[in-house]
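Below is one structure, written out as structure tokens; comments come after it.
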Amino acid sequence: MKSIVNMKYWALAIVAAVTMQFSFISCSDDPGVDNYYTSTAEFAGDYISNRSQFSKFSRIVERSNMMNLLNTYGSLTLFAPTNEAVDKYLAGRGLTSVEQLSKADCDTITYTHIIDKKAYFTIEMSNGTYDDLNMLDRPLQITTTADSLTTPGEILLDIQINRQAQMIHWDDSVANGVVHTMADVIGSRSVTLPEVLGEDPNISLFYEALVLTHMDDSLRRFIDENYSVGYDSINWTNDALVMHTASEYDNVAYMERRYFKYTAFCPTDDVFRDKYNVTDMESLKRLAEQIYADKTLFPCTEAEANDPTSRNNPLNRFISYHLLDRYGTYYSLTAYDRENSPLAKAFARTNIDIADWYETMMPYSILKCSYPYSTDRTMEGLYVNRRGIMTKPDRQGYQIRGAKVAKASEMEVNQAAAINGIYHYIDDILFYGTNPVTGVVATKDLFSERLRFDASTLSPDFMTSGARGHATKQGSTNNNYGIWQDEPRAVSNRNTCLGFKAGSAKNFFFTDQTHVHVRNRYLNFWSYQADEVTVKGNYDLTVKIPPVPEGMWEVRLFTCVGFNSRGIVQFYIDGQPQGIPFDMRPNGDSPVIGWKSDTGANGLNDDAEQIAAFDRQFHARGWMKGMKSYMNNGDNGERSWEAAGSFRMQNNTLRRVIGQFYSDGHSDHYVRFQQRIDSSENEMNFDVLELCPAIIYDNPDVVEDPW
């Protein structure tokens with residue numbers, strides 16, 4: 001069955017359907033937006049108890065002792081199967097009554113149909129995976145298809161959860177969240193990512209290599225059994241944990257459980273065959289040997305070459321380079337966080353791609369995820385290892401297409417069926433060596449550019465937990481981005497931070513006096529990509545620097561200064577102190593820093609030579625202006641980059657040059673941040689760790705661009 005929407009109410013939706021950017025709209029049982037059910041008095045539990053079509057699901061919830069949760073203030077999403085849906089489920093198991101289900105069965109069904117962290121309205125969701133898990137700790141995938149041609153004047157929508165359970169009525173707002181009506185019971189499976197990959201016939205060669213290299217064994221972890229939170233959990237309800245930063249307050253909560261999850265980028269069998277003439281394991285091995293033939297960069301003994309389980313084996317490198325030890329959905333791998341993203345308008349997208357870089361599961365390697373802008377909608381999308389700006393080369397002359405990632409709606413499988421991971425189809429292979437067809441050398445051609453690692457991506461735990469890009473508490477009026485609030489009471493403050501205790505954030509090493517928090521996104525704050533990690537207290541934090549190719553690299557911290565609550569921080573690289581401590585409390589135009597505007601009588605008067613000379617002198621003293629490519633764009637994303645200006649024009653957004661280090665391409669390096677004020681109340685705004693190769697920062701012929 002497909003839902004039918006009358007065109008007189010949804011003319012705008014026709015445009016969305018034609019452009020394949022579907023708005024989520026109601027079904028034939030609800031003929032217009034004015035008839036949406038909204039109640040500030042009725043709870044989700046009351047909603048299903050008071051309607052006869054949900055009587056069987058209500059009984060299941062009662063038997064699981066979860067009706068109290070559904071009738072408690074909070075923020076949740078309930079997927080409510082109808083009686084007909086429950087009957088279909090029972091018949092499939094050879095049962096005739098809800099009473100024949102065991103208590104464990106009722107628990108599983110109930111927990112599967114509740115997300116108890118947030119109210120997810122369909123208008124907020126593009127095709128993809130919900131940011132929060134359901135109460136069974138499982139991801140839920142939403143996919144939508146639209147048909148505006150079959151019946152003139154109507155749009156036929158098919159919305160499914162996990163590509164198996166159809167949503168037939170949606171967005172009924174209740175006092176503690178939202179209820180969606182389901183025509184099917186949502187299935188629940190406890191399978192890990194390798195099992196899901198093995199079930200997909202489109203990636204059989206990739207899966208065969210995954211098993212042969214034993215990399216499948218590295219994708220089976222799910223829950224950290226040694227983790228215990230020791231704090232209030234993720235409900236954001238404890239006034240004692242409300243944190244004051246700068247001039248505002250945020251609620252703080254901690255993960256109830258620590259998960260391990262993974263992301264796989266999978267070339268299909270068709271890609272292997274059509275682009276590389278690879279049709280079996282032997283030809284795939286030969287392709288991998290060609291890619292990782294440089295034994296100086298990728299040492300491999302004869303014994304390792306004959307052992308696909310060795311991490312130095314070319315096939316092992318090939319497969320592991322397609323894997324990340326974090327959970328990355330289509331809209332979480334870059335700051336392009338949804339279709340028509342308000343956040344995307346903050347970028348100067350005609351001058352720079354929206355991009356993030358990640359360490360892969362191949363030792364000492366990284367890849368790049370980017371979301372370029374183009375007036376050609378067929379070119380827009382998520383890419384891996386792309387270089388260029390729009391449809392032209394970047395400022396170093398590189399234009400490399402990379403591999404395009406398929407959207408969930410294009411895969412025709414449930415990419416999020418695993419309890420501990422997600423996978424994506426890609427239309428080309430990924431490589432960190434040399435592509436034998438194109439001749440592109442990854443370590444030279446792909447990664448000889450300035451790399452901006454948003455602090456919220458530096459630990460896989462920040463993404464796997466959903467901390468990066470997480471929404472505010474229910475009730476926000478700006479698409480769930482944060483706003484400034486001078487409110488110390490948790491119940492009245494919608495802003496949220498996820499806290500991490502020592503040992504629960506990979507790549508981050510800190511003392512018990514160090515408090516590490518990932519804030520929800522703020523469009524109207526001085527944070528690049530709207531993300532920020534706040535480090536508070538008498539902190540002493542060491543962060544593993546992501547691996548980079550061989551050569552000299554400069555390390556920079558992009559941050560926001562100018563608040564009395566900021567601290568004084570001493571930097572170290574690989575244990576060696578770097579310069580004098582950085583006092584983050586004054587603004588950039590203070591005498592100790594000496595920032596000058598590009599414009600104005602007291603600035604550089606828009607004189608190109610003066611600006612270039614100042615930038616060189618400023619950099620020599622260990623400072624750089626903020627990036628020109630980004631600007632905070634209003635509480636609701638209402639300002640475009642052109643209207644808002646840029647961080648380069650702000651005297652409180654700066655890049656501090658920490659120092660330089662030499663990378664041999666196969667060793668770990670670390671940066672340390674040590675608080676020099678004896679106070680538990682001061683904090684560091686840890687926003688971006690920028691890594692710049694010498695070919696850019698120390699190039700006498702080409703000045704580093706301001707973007």
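The values are calculated or read from the model by the stated rules, or taken from the named source; none is laboratory data. Since the model is a prediction, treat every value here as computed from it, not as a measurement. Cβ sites come from the backbone with ideal geometry, for glycine too, and all protein chains shown count toward neighbours. Note: areas computed on protein heavy atoms with side chains; ligands, DNA, RNA excluded. Shrake-Rupley method; radii C 1.70, N 1.55, O 1.52, S 1.80 Å.
For the stretch 410-502, report the accessible area per residue in Å² (1.4 Å probe, heavy atoms, rounded to an integer).
29
Which option, (i) 22; (ii) 37; (iii) 32, is the value of percent of Cα pairs over 45 Å apart that was calculated from these coordinates?
Among (i) 22; (ii) 37; (iii) 32, the one calculated here is (i).
Once you sort the root eigenvalues of the Cα gyration tensor of the stretch 659-707 as a ≥ b ≥ c, which label holds: rounded (a/c under 1.5), prolate (a/b larger than b/c) or oblate (the other case)?
Note, shape of the stretch 659-707 comes out oblate.
At 1.4 Å probe radius, can you tell me the per residue accessible area of the stretch 280-375 in Å²?
Dividing the accessible area of the stretch 280-375 by its residue count gives 33 Å².
Counting only protein heavy atoms and using a 1.4 Å probe, what share of the accessible area of the stretch 351-489 belongs to carbon plus sulfur, as a whole percent?
Of the solvent-accessible surface of the stretch 351-489, carbon and sulfur hold 50 percent.
Please report the net charge: other residues with Cβ closer than 9 Å to the Cβ of V516, K and R +1, D and E -1.
Value of the local net charge: +2.
Compute and list, largest first, the equivalent-ellipsoid semi-axes of the stretch 67-106 from the alpha carbon gyration tensor, each √(5λ) rounded to a whole angstrom.
After scaling each eigenvalue by five and taking roots: 25, 13, 7 Å.
Using a 1.4 Å probe, how large is the accessible area of Y528, given in Å² and rounded to the nearest 10?
Only protein atoms counted, so the area is about 10 Å².
Quick one: what are the phi-derived ³J(HN,Hα) couplings along the stretch 422-431, Karplus 6.51/-1.76/1.60 with θ = phi - 60°, whole Hz, x for glycine and proline?
Working through the residues one at a time gives 8, 9, 10, 6, 10, 9, 7, 7, 10, 8 Hz.
Sequence-distant or interchain residues sharing an amide H contact under 5 Å with W170, placed H: which?
Answer set, sorted by chain and number: C27, T181.
5 Å is the cut-off here: which amide hydrogens, built 1.01 Å from N in the peptide plane, fall below it relative to L76, excluding neighbours closer than 5 in sequence?
A119, G177, V178
Using Stokes-Einstein with the Kirkwood hydrodynamic radius over Cα pairs, what translational diffusion coefficient do you get for the stretch 339-475 at 37 °C and a viscosity of 0.692 mPa s, in µm²/s rounded to a whole number?
The calculation lands on 198 µm²/s.
In deg cm²/dmol, rounded to 500, what helix-only [θ] at 222 nm does the chain give when every DSSP H run of at least 4 residues adds -39500 (n - 2.57) and the total is split over its residues?
When only DSSP H runs of four or more count, the value is -4500 deg cm²/dmol.
Mind putting a number on the dipole of the stretch 401-506 about its Cα centre? Charges go on the C-beta only, +1 for Lys and Arg and -1 for Asp and Glu, and I need it in Debye to the nearest 20.
Taking the Cα centre of the stretch 401-506 as origin, the dipole is about 300 debye.
Of I580, I419, which has the most accessible area and how do the rest follow, probe 1.4 Å?
Most to least solvent-accessible, the answer reads I580, I419.
Along the stretch 512-521, what does the Karplus equation 6.51 cos²θ - 1.76 cosθ + 1.60 (θ = phi - 60°) give for ³J(HN,Hα), rounded to whole Hz, x for Gly and Pro?
Taking θ as phi minus 60°, the curve returns 5, 7, 9, 10, 10, 9, 9, 7, 5, 6 Hz for the stretch 512-521.
Given the whole protein assembly as supplied and a 1.4 Å probe, what does the accessible area of E681 come to in Å², nearest 10?
Surface open to solvent at E681 totals about 110 Å².
Could you check how much of the accessible area of the stretch 563-707 is carbon and sulfur, as a whole percent, using a 1.4 Å probe?
Carbon with sulfur: 48 percent of the solvent-accessible area.
Given H placed 1.01 Å from N in the peptide plane, which residues other than close sequence neighbours of F222 have an amide H under 5 Å from its amide H?
F260
For the chain, build the charge dipole from Cβ charges (+1 Lys, Arg; -1 Asp, Glu) around the Cα centre, then report which of I611, Y47, Q399 sits farthest towards its positive end.
With unit charges placed on the Cβ atoms, the residue in question is I611.
What is the Cα centroid distance between the stretch 505-532 and the stretch 619-642, reported in whole angstrom?
Distance between centres, Cα-based: 18 Å.
So what are the ³J(HN,Hα) numbers for the stretch 653-660, from phi and the Karplus equation (6.51, -1.76, 1.60; θ = phi - 60°), rounded to whole Hz, Gly and Pro as x?
Karplus-based 3J(HN,Hα) across the stretch 653-660 equals 10, 9, 10, 9, 6, 7, x, 10 Hz.
Using a cut-off of 15 Å between beta-carbons, work out the net charge of the residues near T457 (Lys and Arg +1, Asp and Glu -1, T457 not included).
-1
Using a probe of 1.4 angstrom, how much of the accessible area of the stretch 229-304 is carbon and sulfur, in percent?
45
Out of all DSSP beta bridges in the chain, what portion is antiparallel? Express it as a percent rounded to 5.
Antiparallel bridges make up about 85 percent of those DSSP assigns within the chain.
Given a cut-off of 27 Å, name the pairs among K285/K444; K404/K473; K407/K544; K295/K444; K392/K506 whose C-alpha atoms lie farther apart than that in the structure shown.
K404/K473; K407/K544; K392/K506, as the Cα separations exceed 27 Å there.
With charges only on Cβ, +1 for K and R and -1 for D and E, what is the dipole size of the stretch 517-604 about its Cα centre, in debye, rounded to 20?
320
Rolling a 1.4 Å sphere over the protein heavy atoms, what is the accessible area per residue of the stretch 100-259, to the nearest Å²?
Accessible area per residue: 37 Å².
Tell me the accessible surface of R450 in square angstrom (1.4 angstrom probe, heavy atoms of protein chains only), to the nearest ten.
Accessible surface of R450 is approximately 30 Å².
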